[in-house]
Amino acid sequence: MALALKIYRGYANERKIMVFGHVFEKDAPDVFKLDKKWYKHAWQVLRIFRIKTESNASVVFKFRNLEVKTKTLDDGHFRMMIPYEDDIEPGWHNFKVEVIDDESRQEEVGEFVKPYPGEYGVISDIDDTFLVSHSGNIFKKLYVMLTRNVNKRKVFDNVVEHYRLLNQLGRKERSKNNAFFYVSSSEWNLYNFIIQFTEIHQFPKAVLKLKEIKSGLRDFLSTGGGDHNHKFFKIRHIVEFYPELHFILLGDDSQQDPYIYRDISKIFPQNISTIYIRQTQKRKKEKVKQILLELNKRGFKTCYFKDSSAAMEHSRNNLK
(Lines give C-alpha, C1' and ligand atoms only; values in the text may rest on other atoms or scores of the structure.)
Protein backbone atom coordinates (compact mmCIF):
# COMPACT_ATOMS: atom_id res chain seq x y z
CA MET A 1 0.00 0.00 0.00
CA ALA A 2 1.45 3.37 -1.05
CA LEU A 3 2.18 5.84 1.70
CA ALA A 4 0.72 9.36 1.80
CA LEU A 5 2.90 12.42 2.31
CA LYS A 6 1.95 15.81 3.75
CA ILE A 7 4.43 18.69 3.70
CA TYR A 8 3.89 21.84 5.74
CA ARG A 9 5.18 25.33 5.02
CA GLY A 10 8.79 25.70 6.12
CA TYR A 11 11.06 28.65 6.85
CA ALA A 12 14.68 29.71 6.57
CA ASN A 13 17.17 32.21 7.94
CA GLU A 14 20.63 33.10 6.62
CA ARG A 15 22.14 29.73 7.51
CA LYS A 16 19.44 27.05 7.89
CA ILE A 17 16.24 25.77 6.34
CA MET A 18 13.49 24.21 8.47
CA VAL A 19 11.13 21.74 6.78
CA PHE A 20 8.60 19.38 8.32
CA GLY A 21 5.65 17.16 7.55
CA HIS A 22 4.03 13.77 8.16
CA VAL A 23 3.91 10.42 6.44
CA PHE A 24 0.62 8.48 6.66
CA GLU A 25 -0.25 4.84 6.08
CA LYS A 26 -2.99 5.72 3.61
CA ASP A 27 -4.69 9.12 3.42
CA ALA A 28 -3.27 12.48 4.42
CA PRO A 29 -5.77 14.83 6.13
CA ASP A 30 -6.03 17.07 3.07
CA VAL A 31 -7.82 14.39 1.03
CA PHE A 32 -10.97 15.11 3.05
CA LYS A 33 -13.19 17.89 1.73
CA LEU A 34 -14.10 20.54 4.27
CA ASP A 35 -16.85 22.40 2.40
CA LYS A 36 -19.67 19.82 2.59
CA LYS A 37 -23.08 19.99 4.28
CA TRP A 38 -22.92 19.85 8.05
CA TYR A 39 -23.54 16.12 8.52
CA LYS A 40 -21.03 15.20 5.81
CA HIS A 41 -18.62 17.78 7.19
CA ALA A 42 -18.93 16.23 10.67
CA TRP A 43 -18.05 12.82 9.25
CA GLN A 44 -15.03 14.28 7.44
CA VAL A 45 -13.75 15.93 10.63
CA LEU A 46 -14.05 12.66 12.54
CA ARG A 47 -12.19 10.85 9.77
CA ILE A 48 -9.38 13.42 9.94
CA PHE A 49 -8.83 12.38 13.55
CA ARG A 50 -8.73 8.66 12.68
CA ILE A 51 -5.75 8.78 10.31
CA LYS A 52 -2.77 6.51 10.88
CA THR A 53 0.83 7.65 10.63
CA GLU A 54 3.88 5.72 9.42
CA SER A 55 6.93 5.58 11.68
CA ASN A 56 10.51 5.18 10.42
CA ALA A 57 9.56 5.98 6.81
CA SER A 58 12.39 7.14 4.54
CA VAL A 59 12.09 10.73 3.31
CA VAL A 60 14.42 12.77 1.10
CA PHE A 61 14.55 16.59 0.95
CA LYS A 62 15.61 18.14 -2.38
CA PHE A 63 16.37 21.80 -3.04
CA ARG A 64 18.83 23.04 -5.67
CA ASN A 65 22.05 21.12 -5.00
CA LEU A 66 20.92 19.92 -1.57
CA GLU A 67 19.66 16.40 -1.00
CA VAL A 68 19.16 15.30 2.61
CA LYS A 69 17.76 11.98 3.84
CA THR A 70 16.04 11.19 7.13
CA LYS A 71 13.31 9.01 8.63
CA THR A 72 10.04 9.80 10.35
CA LEU A 73 9.62 9.68 14.12
CA ASP A 74 7.27 7.31 15.94
CA ASP A 75 4.27 9.55 15.18
CA GLY A 76 5.10 9.78 11.47
CA HIS A 77 6.48 13.30 11.80
CA PHE A 78 9.65 14.49 10.12
CA ARG A 79 11.43 17.70 10.99
CA MET A 80 14.68 18.64 9.32
CA MET A 81 17.04 21.55 10.07
CA ILE A 82 19.26 21.82 7.00
CA PRO A 83 22.38 24.03 6.86
CA TYR A 84 23.10 25.72 3.53
CA GLU A 85 25.89 27.86 2.04
CA ASP A 86 24.50 29.23 -1.25
CA ASP A 87 22.70 32.55 -1.32
CA ILE A 88 18.92 32.27 -1.06
CA GLU A 89 16.95 35.38 -1.90
CA PRO A 90 14.08 36.48 0.39
CA GLY A 91 10.57 35.24 -0.38
CA TRP A 92 8.88 31.87 -0.89
CA HIS A 93 10.77 28.97 -2.47
CA ASN A 94 9.66 25.54 -3.67
CA PHE A 95 11.38 22.32 -2.68
CA LYS A 96 10.59 18.62 -3.02
CA VAL A 97 10.24 15.79 -0.54
CA GLU A 98 10.20 12.16 -1.57
CA VAL A 99 8.93 9.30 0.56
CA ILE A 100 10.18 5.82 -0.23
CA ASP A 101 8.82 2.43 0.76
CA ASP A 102 9.22 -1.10 -0.57
CA GLU A 103 6.41 -0.68 -3.09
CA SER A 104 6.66 2.86 -4.39
CA ARG A 105 8.15 6.33 -4.38
CA GLN A 106 6.04 9.45 -3.93
CA GLU A 107 7.26 13.01 -4.40
CA GLU A 108 5.46 16.19 -3.35
CA VAL A 109 6.30 19.88 -3.67
CA GLY A 110 6.52 22.04 -0.55
CA GLU A 111 7.52 25.64 0.08
CA PHE A 112 9.52 27.58 2.62
CA VAL A 113 9.89 31.29 3.25
CA LYS A 114 12.99 33.33 3.88
CA PRO A 115 11.75 36.62 5.38
CA TYR A 116 12.57 39.92 3.74
CA PRO A 117 15.00 42.02 5.78
CA GLY A 118 13.06 44.29 8.11
CA GLU A 119 12.29 45.10 11.71
CA TYR A 120 9.19 43.03 12.54
CA GLY A 121 7.99 39.45 12.73
CA VAL A 122 4.46 38.48 13.76
CA ILE A 123 3.38 35.44 15.81
CA SER A 124 -0.34 34.86 16.28
CA ASP A 125 -2.51 32.31 18.02
CA ILE A 126 -5.50 31.03 15.99
CA ASP A 127 -8.50 29.91 18.06
CA ASP A 128 -10.37 32.90 19.50
CA THR A 129 -7.59 35.22 18.36
CA PHE A 130 -8.75 35.48 14.76
CA LEU A 131 -10.94 32.36 14.30
CA VAL A 132 -14.11 32.35 16.43
CA SER A 133 -13.77 28.99 18.23
CA HIS A 134 -15.32 29.20 21.72
CA SER A 135 -12.24 27.62 23.31
CA GLY A 136 -13.55 28.36 26.79
CA ASN A 137 -16.54 26.03 26.24
CA ILE A 138 -15.43 22.61 25.01
CA PHE A 139 -18.96 21.45 24.09
CA LYS A 140 -19.68 24.55 22.01
CA LYS A 141 -16.25 24.33 20.41
CA LEU A 142 -16.80 20.72 19.32
CA TYR A 143 -20.32 21.52 18.10
CA VAL A 144 -19.00 24.35 15.91
CA MET A 145 -16.16 22.19 14.56
CA LEU A 146 -18.55 19.42 13.58
CA THR A 147 -21.45 21.44 12.17
CA ARG A 148 -19.86 24.42 10.41
CA ASN A 149 -17.68 23.81 7.40
CA VAL A 150 -14.72 25.95 6.39
CA ASN A 151 -16.95 28.40 4.49
CA LYS A 152 -19.23 28.99 7.49
CA ARG A 153 -16.66 29.53 10.22
CA LYS A 154 -16.32 33.15 11.31
CA VAL A 155 -13.55 35.65 11.92
CA PHE A 156 -13.71 38.54 14.36
CA ASP A 157 -14.63 41.97 13.02
CA ASN A 158 -11.71 43.94 11.54
CA VAL A 159 -9.16 41.24 12.35
CA VAL A 160 -8.13 40.64 8.72
CA GLU A 161 -7.54 44.36 8.21
CA HIS A 162 -5.39 44.45 11.35
CA TYR A 163 -3.27 41.50 10.22
CA ARG A 164 -2.77 43.05 6.79
CA LEU A 165 -1.63 46.25 8.49
CA LEU A 166 0.91 44.29 10.55
CA ASN A 167 2.01 42.42 7.43
CA GLN A 168 3.05 45.70 5.79
CA LEU A 169 4.33 47.42 8.93
CA GLY A 170 7.55 49.30 8.18
CA ARG A 171 7.41 48.34 4.48
CA LYS A 172 7.66 50.79 1.59
CA GLU A 173 7.17 48.12 -1.08
CA ARG A 174 3.90 46.18 -1.05
CA SER A 175 5.60 43.22 -2.71
CA LYS A 176 7.61 42.71 0.48
CA ASN A 177 6.05 41.81 3.83
CA ASN A 178 6.84 40.76 7.37
CA ALA A 179 7.36 37.18 8.51
CA PHE A 180 4.08 35.71 9.80
CA PHE A 181 3.64 32.61 11.99
CA TYR A 182 0.42 31.04 13.29
CA VAL A 183 1.15 29.03 16.45
CA SER A 184 -1.76 27.11 17.95
CA SER A 185 -2.84 24.28 20.24
CA SER A 186 -4.85 22.89 17.34
CA GLU A 187 -3.37 19.64 16.06
CA TRP A 188 -1.63 18.99 12.74
CA ASN A 189 -4.80 17.13 11.73
CA LEU A 190 -6.41 20.56 11.16
CA TYR A 191 -3.58 22.03 9.07
CA ASN A 192 -5.48 21.91 5.81
CA PHE A 193 -8.59 23.43 7.38
CA ILE A 194 -6.57 26.36 8.75
CA ILE A 195 -4.79 26.95 5.44
CA GLN A 196 -8.11 26.97 3.56
CA PHE A 197 -9.71 29.25 6.13
CA THR A 198 -6.89 31.82 6.04
CA GLU A 199 -6.88 31.79 2.23
CA ILE A 200 -10.67 32.27 2.02
CA HIS A 201 -10.45 35.34 4.25
CA GLN A 202 -7.18 36.57 2.69
CA PHE A 203 -5.08 36.57 5.83
CA PRO A 204 -1.33 37.08 5.39
CA LYS A 205 0.40 33.93 4.17
CA ALA A 206 2.08 32.32 7.17
CA VAL A 207 3.99 29.35 8.49
CA LEU A 208 1.90 27.18 10.84
CA LYS A 209 3.21 25.56 14.01
CA LEU A 210 0.66 23.19 15.51
CA LYS A 211 0.36 20.50 18.18
CA GLU A 212 1.21 16.80 17.89
CA ILE A 213 -1.01 14.91 15.48
CA LYS A 214 -3.90 12.85 16.88
CA SER A 215 -5.07 9.49 15.57
CA GLY A 216 -8.21 8.51 17.46
CA LEU A 217 -11.74 9.69 18.23
CA ARG A 218 -10.91 9.92 21.94
CA ASP A 219 -8.19 12.40 21.02
CA PHE A 220 -10.73 14.43 19.05
CA LEU A 221 -12.73 15.12 22.22
CA SER A 222 -9.71 16.92 23.70
CA THR A 223 -8.69 18.77 20.55
CA GLY A 224 -7.02 22.11 21.22
CA GLY A 225 -6.85 21.44 24.96
CA GLY A 226 -4.42 19.93 27.40
CA ASP A 227 -0.91 21.18 27.98
CA HIS A 228 -0.06 24.40 26.13
CA ASN A 229 3.68 24.24 26.82
CA HIS A 230 4.31 23.28 23.20
CA LYS A 231 3.28 26.82 22.20
CA PHE A 232 5.91 28.26 24.51
CA PHE A 233 8.65 26.09 23.01
CA LYS A 234 7.58 26.74 19.41
CA ILE A 235 7.48 30.50 19.95
CA ARG A 236 10.85 30.40 21.70
CA HIS A 237 12.33 28.53 18.74
CA ILE A 238 10.97 31.07 16.22
CA VAL A 239 12.37 34.04 18.16
CA GLU A 240 15.74 32.29 18.52
CA PHE A 241 15.73 31.48 14.80
CA TYR A 242 15.31 35.16 13.88
CA PRO A 243 17.24 37.14 16.52
CA GLU A 244 17.33 40.23 14.28
CA LEU A 245 13.54 40.68 14.37
CA HIS A 246 11.27 42.39 16.89
CA PHE A 247 8.20 40.22 17.32
CA ILE A 248 4.57 41.22 17.69
CA LEU A 249 2.61 38.57 19.62
CA LEU A 250 -1.17 38.19 19.25
CA GLY A 251 -3.35 35.98 21.43
CA ASP A 252 -6.48 35.91 23.57
CA ASP A 253 -7.48 35.56 27.20
CA SER A 254 -9.43 32.28 26.89
CA GLN A 255 -6.47 30.05 27.78
CA GLN A 256 -2.74 30.54 28.44
CA ASP A 257 -1.56 33.12 25.88
CA PRO A 258 -0.95 36.00 28.35
CA TYR A 259 1.16 33.75 30.60
CA ILE A 260 3.12 32.28 27.69
CA TYR A 261 3.82 35.70 26.20
CA ARG A 262 4.88 37.07 29.58
CA ASP A 263 7.43 34.25 29.95
CA ILE A 264 8.68 34.70 26.38
CA SER A 265 9.25 38.40 27.08
CA LYS A 266 11.40 37.50 30.09
CA ILE A 267 13.67 35.31 27.96
CA PHE A 268 13.84 37.76 25.03
CA PRO A 269 13.62 41.27 26.54
CA GLN A 270 15.11 42.84 23.39
CA ASN A 271 13.23 40.79 20.81
CA ILE A 272 9.57 41.31 21.76
CA SER A 273 7.95 44.55 20.57
CA THR A 274 4.24 44.39 21.30
CA ILE A 275 1.68 42.02 22.84
CA TYR A 276 -1.98 42.01 21.79
CA ILE A 277 -4.57 40.08 23.81
CA ARG A 278 -8.17 39.72 22.67
CA GLN A 279 -10.91 39.90 25.34
CA THR A 280 -13.21 36.90 24.85
CA GLN A 281 -15.75 37.47 27.64
CA LYS A 282 -17.94 40.39 28.69
CA ARG A 283 -15.36 41.64 31.17
CA LYS A 284 -11.62 41.84 31.08
CA LYS A 285 -9.82 39.37 33.34
CA GLU A 286 -8.01 40.90 36.30
CA LYS A 287 -5.05 38.51 36.07
CA VAL A 288 -4.56 39.39 32.41
CA LYS A 289 -4.75 43.10 33.19
CA GLN A 290 -2.09 42.63 35.87
CA ILE A 291 0.19 40.76 33.46
CA LEU A 292 -0.10 43.47 30.81
CA LEU A 293 0.49 46.20 33.40
CA GLU A 294 3.65 44.38 34.47
CA LEU A 295 4.76 44.16 30.83
CA ASN A 296 4.08 47.88 30.35
CA LYS A 297 6.28 48.69 33.31
CA ARG A 298 9.06 46.63 31.74
CA GLY A 299 8.84 48.66 28.53
CA PHE A 300 6.72 46.45 26.27
CA LYS A 301 3.80 47.83 24.28
CA THR A 302 0.51 46.06 25.08
CA CYS A 303 -3.14 46.21 24.06
CA TYR A 304 -6.05 44.35 25.70
CA PHE A 305 -8.92 44.76 23.26
CA LYS A 306 -12.43 43.55 22.48
CA ASP A 307 -12.64 44.62 18.83
CA SER A 308 -9.73 44.53 16.38
CA SER A 309 -10.43 48.15 15.43
CA ALA A 310 -8.93 49.13 18.80
CA ALA A 311 -5.88 46.96 18.09
CA MET A 312 -5.51 48.59 14.66
CA GLU A 313 -5.62 52.04 16.21
CA HIS A 314 -2.97 50.99 18.72
CA SER A 315 -0.73 49.69 15.92
CA ARG A 316 -1.08 52.88 13.91
CA ASN A 317 -0.29 55.06 16.93
CA ASN A 318 2.53 53.03 18.47
CA LEU A 319 4.28 51.07 15.70
CA LYS A 320 6.13 52.37 12.68
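The values are calculated or read from the model by the stated rules, or taken from the named source; none is laboratory data. None of these values were measured; they are calculated from a predicted model. Every residue, glycine among them, receives a Cβ derived from its backbone with ideal geometry; neighbour counts consider all protein chains shown. For accessibility, only protein heavy atoms count, side chains too; no ligands or nucleic acids. Shrake-Rupley method; radii C 1.70, N 1.55, O 1.52, S 1.80 Å.
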Inset, instruction - Work from the charge dipole of the chain (Cβ charges, +1 for Lys and Arg, -1 for Asp and Glu, about the Cα centre) and give the residue of Asn317, Gln270, Ala42 farthest towards its positive end. - result: Asn317
Legend entry - Cβ charges +1 (Lys, Arg) and -1 (Asp, Glu), total dipole of segment 171-298, debye: 480 debye
Inset, instruction - Report the local net charge at Val183: Lys and Arg +1, Asp and Glu -1, summed over other residues whose C-beta lies under 9 Å from its C-beta. - result: +2
Inset, instruction - Show which aspartates and glutamates lie in cross-link reach of Lys214 when reach means a straight Cα distance below 20 angstrom and same-chain residues fewer than eight apart are skipped. - result: Glu25, Asp27, Asp30, Glu54, Asp74, Asp75, Asp125, Asp127, Glu187, Asp227
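Once you charge only the Cβ atoms, +1 for Lys and Arg and -1 for Asp and Glu, what is the size of the charge dipole of the chain about its Cα centre, to the nearest 20 debye?
It comes to approximately 1340 debye.
How much accessible area per residue does the chain have, counting only protein heavy atoms and a probe of 1.4 Å, in square angstrom?
On the way: 15570 Å² over 320 residues.
I get 49 Å² per residue for this part.
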Inset, instruction - Within the set of other residues whose C-beta is less than 12 Å from the C-beta of Arg164, count the net charge using Lys and Arg as +1 and Asp and Glu as -1. - result: +2
Inset, instruction - Express the carbon and sulfur contribution to the solvent-accessible surface of segment 1-86 as a percent, rounded to the nearest whole number, probe 1.4 angstrom. - result: 47 percent
Legend entry - Environment charge of Ser55, counting only residues whose C-beta is closer than 9 Å and scoring Lys/Arg +1, Asp/Glu -1: -2
Inset, instruction - Give the relative contact order (percent, whole number) for the chain; include only Cα pairs under 8 Å separated by 6+ residues. - result: 17 percent
Legend entry - MRE, 222 nm, helices only [DSSP H, n ≥ 4, -39500 (n - 2.57), over the chain, to nearest 500]: -8500 deg cm²/dmol
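Mean shadow of segment 1-150, computed from the convex hull of its alpha carbons, in nm²? Write out the running numbers ahead of the final one.
Details: hull surface 44.3 nm².
Taking a quarter of the hull surface, the average projection is 11.1 nm².
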Inset, instruction - Return the Cα extents of segment 100-221 along principal axes one, two and three, sorted largest first, each rounded to a whole Å. - result: 49, 45, 22
Legend entry - Distance from segment 195-217 to segment 166-181 (C-alpha centre basis), Å: 21 Å
Legend entry - Rg/Rh for the chain, where both radii come from Cα atoms and Rh is the Kirkwood radius: 0.96
Inset, instruction - Work out the charge dipole of the chain with +1 on the Cβ of Lys and Arg and -1 on the Cβ of Asp and Glu about the Cα centre, then indicate which of Val155, Leu3, Ala28 is farthest towards its positive end. - result: Val155
Legend entry - Cα-centre dipole for segment 117-156 with unit charges at Cβ (Lys and Arg positive, Asp and Glu negative), debye to 20: 420 debye
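Report, as a whole number in µm² per second, the diffusion coefficient that Stokes-Einstein gives for segment 188-320 at 20 °C and 1.002 mPa s using the Kirkwood radius over alpha carbon pairs.
Working: Rh = 16.4 Å.
Taking Rh from Cα pairs, D becomes 131 µm²/s.
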